[in-house]
1. If the chain between residue A:284 and residue A:322 were fully stretched, how many nm would it gain, using 0.36 nm times the residue separation less the Cα-Cα distance?
2. Residue B:192 to residue B:384: extension gain in nm, 0.36 nm per residue of separation minus the Cα-Cα distance?
3. For an R0 of 60 angstrom, estimate the FRET efficiency from the Cβ-Cβ distance between residue B:210 and residue A:95 and round to the nearest 0.05.
4. Using Cα pairs closer than 8 Å and at least 6 residues apart in sequence, work out the relative contact order for region A:223-279, in percent.
5. For region A:282-358, what is the convex hull volume of the alpha-carbon atoms per residue, in Å³?
6. Using the per-residue mean of other Cβ atoms lying within 10 Å as a proxy for protection, in what order, highest first, do the peptides A:70-79, B:258-267 fall?
7. Provide a list, ordered by number, of residues in region B:274-322 showing at least 50 Å² less accessible area with every protein chain present than when their chain is taken on its own, using a 1.4 Å probe.
8. Dividing the convex hull volume of the alpha carbon atoms of chain B by its residue count, what do you get in Å³ per residue?
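The values are calculated or read from the model by the stated rules, or taken from the named source; none is laboratory data. Nothing here was measured: the structure is a model prediction, and the numbers come from that model. All Cβ positions, glycine included, derive from the backbone under ideal geometry; neighbour counts span all protein chains shown. Surface areas here come from the heavy atoms of the whole protein model, side chains and all, with no ligands, DNA or RNA. Shrake-Rupley method; radii C 1.70, N 1.55, O 1.52, S 1.80 Å.
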Amino acid sequence: MGTGSTRVVVAMSGGVDSSAAAGLLVERGYDVIGLMMRLWTEDDGCGGRHNRCCTPDQMADARRVADRLGIPFYVVDMRATFKASVVDPFIDAYAAGLTPNPCLNCNRHIRFGALLKQAQAMDAAYLATGHYARIRQSEDGAYQLLKGLDPAKDQSYVLSVMTQRQLAQVLFPAGDYTKEHIRQIAADLGLHIARKPESQDLCFLADGDYRGFLARHAPGSATPGPIVNTQGERLGTHTGLPHYTVGQRKGLGLSAPTPLYVVGADVAANTLIVGARDVLGRDALVARHVNWVAGAPPDGPVRAGVKIRYRARETAATVTPDGATTARVKFDAPLRDITPGQAAVFYQGDVCLGGGVIARQPA
Amino acid sequence: MAGNGQSIYMDYAATTPVDPRVVEAMMPYFTERFGNPSSIHTFGREASRAVQAARETVAGILNCKPGEIVFTSCGTESDNLALRGATLENGRRHIVTSPVEHHAVSRTAEILHAHLGYGLTVVPVDAYGMVDPADVADALRDDTALVSIMYANNEVGTIQPIAEIAAVAHARGARFHTDAVQAAGQLPLDVAALGVDMLAISAHKFYGPKGVGALYVREGVRLVPSQSGGGQEGGRRGGTTNVALIVGLAKALEIAYAEREAHVARYRQLRDRLIEGVRARVPDAQLTGHPEQRLPNSASFALRGVDGNALLMHLDLKGIAASSGSACLVGTPEPSEVLMAMGLPPAWALGGLRLTVGRHTTDAEVDAVLDVLSDAVARVRALAAA
Ligand SMILES: Cc1ncc(COP(=O)(O)O)c(C=O)c1O
């Protein structure tokens with residue numbers, strides 16, 4: 001590692017992906033610095049913690065990896081920014097009857113916002129993360145966001161908020177590999193976390209218990225109210241709107257001759273609306289707060305594969321931009337689980353065009 | 001290691017390198033002279049002689065009797081032995097201490113308070129972190145067992161009026177302990193002049209090895225051992241005697257006091273160069289601790305609107321090892337308890353910076369630190385504002 005080598009800050013979580021990413025960068029001769037973001041602390045009053053990120057174990061793992069790789073490692077306090085730009089909007093979205101995905105907000109404001117600024121203040125040329133996605137620069141100099149090489153692990157969905165400026169300063173070393181290969185790289189580097197299991201939960205929630213989280217942080221957000229059908233007839237009682245999501249069938253506590261699904265909510269009336277399967281199907285959505293990775297919307301309608309949840313399959317659709325930050329999506333076939341608050345992300349092949357937040361539909 | 005290859009240690013209050021003469025003095029006691037001083041045979045006697053010589057050396061510097069020195073495993077243990085030992089022995093049920101003590105004292109006092117029901121009074125400090133003996137006098141009760149006030153503060157360097165406080169405590173029949181861990185090597189340790197009943201030191205702060213300390217216990221002060229076991233150290237501290245490290249502590253203390261005047265004069269000059277430089281070049285920086293009554297080697301500052309840990313990170317990246325009052329490895333910095341007790345608002349108390357010089361510090365290093373510091377502070381402030 002010479003005096004003149006390019007400096008890269010790696011966001012380390014103690015997991016295998018970011019650890020291997022750091023290792024790959026060290027091997028490539030970069031001047032690598034590991035940073036862990038302290039995003040959230042919630043003490044349950046008995047020494048236990050409700051969140052799974054930045055726990056003492058994760059921190060010890062990341063530190064051990066950094067020691068093994070021979071790179072400096074620091075923890076930076078981002079709790080205030082994280083609360084203001086991720087957790088509070090998450091709570092507000094639930095209170096507004098939406099089903100938010102906080103990871104997109106976190107990438108927008110924290111990882112490729114505050115952390116990227118940190119990296120720059122440390123004279124780093126790049127910020128690297130362990131995401132499974134790829135960045136390509138085309139001949140005209142523009143950056144493209146591509147799916148990760150491993151289709152099962154692709155994380156471009158949560159990166160669809162990225163701008164040209166951010167893509168120019170970010171590296172995703174893991175995106176060129178399969179998960180299995182990344183584990184092998186970690187093992188070859190002698191990193192003790194090579195076989196560590198991964199967690200799918202939101203980082204600030206333990207065991208994915210968002211209901212408990214809302215009960216603690218937004219006590220008024222879940223109030224029981226009526227369940228009605230699309231004709232407005234009362235069928236039962238719900239435990240609080242944030243506990244339901246569009247397309248949900250289980251856990252409604254209703255007995256009906258045909259299965260009933262959550263089709264929407266009237267937030268003002270604290271009412272959950274259910275209907276038969278055929279009511280649920282929709283073939284259109286409106287996305288707001290749209291980010292076009294290229295920096296501007298396409299000139300007219302484009303054909304695209306659209307993902308309406310992180311782990312959903314792509315559905316063929318026509319995406320029509322409506323101004324800079326709105327898009328209308330018309331699917332070739334109806335979908336049953338279009339969920340306001342989740343992101344709709346647009347693809348052409350491996351290229352992620354961008355995405356936006358699914359707006360509430362007229363009931 | 002820093003990107004530009006420089007490596008400047010400005011954290012001598014955290015620990016010091018072992019003097020090569022000390023290493024040399026210790027070496028035989030790891031190998032050929034390995035005996036247990038409690039054994040009656042030749043090997044034991046040889047080790048015992050070494051420990052006795054060490055005890056005499058330490059006693060000479062502290063101006064006390066060799067039998068009044070108890071060797072321990074560190075400064076923390078010395079403080080624990082003083083607080084637990086002297087209060088448990090005593091029928092009295094009250095402890096007086098200050099809000100700027102090292103955790104070795106403050107946590108121990110809190111445990112005695114919370115779990116054993118001792119009364120605990122924490123006297124205030126002024127804006128310099130200084131205890132007023134009159135406040136100690138007010139806090140004293142008929143059942144005060146112990147007053148424990150540190151000699152010099154580890155975070156801001158303030159030196160307390162120990163002799164006066166000791167006299168105040170004695171006037172009400174209370175024992176007086178002082179944590180002299182930071183003072184040792186720089187300030188006089190004459191226990192008779194200080195008038196203390198107990199005094200704690202730790203070798204790694206004065207160019208000795210880590211993992212060995214001592215407690216002076218005035219003759220006649222009875223202690224319940226906090227580490228009970230064999231009859232070592234006059235029954236006051238059980239555990240097979242750590243001969244090599246004790247030899248190292250004594251040698252380090254001997255060297256430190258033989259050379260003290262020269263070192264301290266040099267520390268003062270380096271420290272003042274730092275303080276003047278920060279005053280001139282870093283906006284919104286305030287010296288913390290007493291302007292005169294402070295450790296010769298310690299320059300400490302509060303920096304408005306600066307997360308001290310973020311600053312340390314930026315300094316480390318430039319190869320500068322410094323410390324903050326609220327050192328935190330886990331990214332949840334809290335305002336420094338010491339700075340808060342001195343009345344600094346939280347926006348300043350998060351920004352503690354401690355630069356402590358030592359035997360190997362040079363003028364050039366001080367200047368290099370000053371060059372980096374103003375830029376690093378500006379970066380951290382810019383990030384916080386973003
Ligand atoms: C004032 C003070 N007391 C006690 C201690 C603890 O000493 P040791 O590290 O030997 O346990 C320290 C060391 O940081 C100190 O600065």
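1. Values: separation 38, 0.36 × 38 = 13.68 nm, distance 1.42 nm.
Value of the extension gain: 12.3 nm.
2. Full-extension gain reported as 64.1 nm.
3. Working: r = 54 Å, r/R0 = 0.90.
Computed FRET efficiency for residue B:210 and residue A:95 comes out at 0.65.
4. On the way: 102 pairs, mean separation 20.8, N = 57.
It comes to 36 percent, rounded to a whole number.
5. Working: hull volume 5.8 nm³, N = 77.
In region A:282-358, the Cα convex hull volume per residue is 75 Å³.
6. Details: A:70-79: 20.3, B:258-267: 15.0.
Averaged packing, sorted descending, gives the order A:70-79, B:258-267.
7. Checking the loss per residue gives B:313, B:317.
8. Values: hull volume 53.6 nm³, N = 386.
Normalising the Cα hull of chain B by residue number yields 139 Å³.
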